[in-house]
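J.: I'd like to ask some things about the structure below.
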């Protein structure tokens, strides 16, 4: 079996964020890092080469295999900020108020942090934290 690439590393998060381009995305990464740190109470850790994660849980996949994954996280990618948040029954209503974004099964994509409602984004992160605490006490 091949080893999962997305694992915690020793790379300092601030070093990673300092190298993010463009500068706007770098600053957005720092804002998200501070927000998620405040909400989770967890120190940020690099997972693989590009995910900033907070906390950890054992994710069991459909095939029964288990792998550690951050309880919450983000990646400041060039095309968009990618946020890894748990869905809750309230997620759909909150996303309707967030501002410009797209989603996939497990990700929230934001092109510009200054175009979304930061209060709603905070609420999404808090709801995600609470849901992860419920699912994985």
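J.: Starting with the fewest neighbours, write out 68, 123, 114 ranked by other beta-carbon atoms found within 10 Å of each beta-carbon.
T.: Working: 68 14, 123 17, 114 11.
Listing 68, 123, 114 from fewest to most nearby Cβ atoms yields 114, 68, 123.
J.: Which entry in (i) 16.0; (ii) 14.8; (iii) 15.3 matches Kirkwood radius over Cα pairs in Å derived from the coordinates of this structure?
T.: Checked against the structure: label (iii).
J.: Next question. So, in nm, how far is label residue 87 from label residue 117 when the simple model puts each one 7 Å beyond its Cα toward the Cβ?
T.: Inter-label distance under the simple model: 2.1 nm.
J.: Still on this structure, please answer the following. Under a crude label model (7 Å from the Cα following the beta-carbon direction), how far is residue 62 from residue 42 in nanometres?
T.: Placing both labels 7 Å along Cα→Cβ, they lie 2.5 nm apart.
J.: Within a 10 angstrom radius of the beta carbon, how do 90, 27, 10, 131 rank from fewest other beta carbons to most? Mind dumping the intermediate values first?
T.: Details: 90 12, 27 15, 10 6, 131 18.
Ascending number of Cβ neighbours within 10 Å: 10, 90, 27, 131.
J.: Something else: Which order do 88, 102 fall in if you start with the one that has the fewest other Cβ atoms within 10 Å?
T.: Numbers: 88 17, 102 11.
So the residues, fewest neighbours to most, are 102, 88.
J.: Compute the Cα gyration tensor for region 9-88, then decide on rounded, prolate or oblate, letting a ≥ b ≥ c be the square roots of its eigenvalues: rounded whenever a/c is under 1.5, prolate when a/b is larger than b/c in the other cases, and oblate in all that remain.
T.: prolate
J.: Provide the gained length on full extension for the span residue 24 to residue 77, in nm with one decimal, where the gain is 0.36 nm per separating residue minus the Cα-Cα distance.
T.: Working: separation 53, 0.36 × 53 = 19.08 nm, distance 1.14 nm.
Additional length available on full extension: 17.9 nm.
J.: When the chain is modelled as a GNM with alpha-carbon springs shorter than 10 Å, which of 127, 19, 43 fluctuates the most?
T.: 19
J.: Can you tell which of 13, 52, 60 shows the greatest fluctuation in a Gaussian network model of the chain with Cα springs below 10 Å?
T.: 60
J.: GNM on the chain, C-alpha springs below 10 Å: top fluctuator among 50, 75, 104?
T.: Between 50, 75, 104, it is 104 that shows the largest mean-square fluctuation.
Just so you know, all these numbers are worked out from the coordinates, no wet-lab data involved. Treat the numbers as computed from the prediction; the structure is a model and nothing was measured. Positions of Cβ are generated from backbone atoms using ideal geometry, with glycine treated the same way; all protein chains shown enter the neighbour counts.
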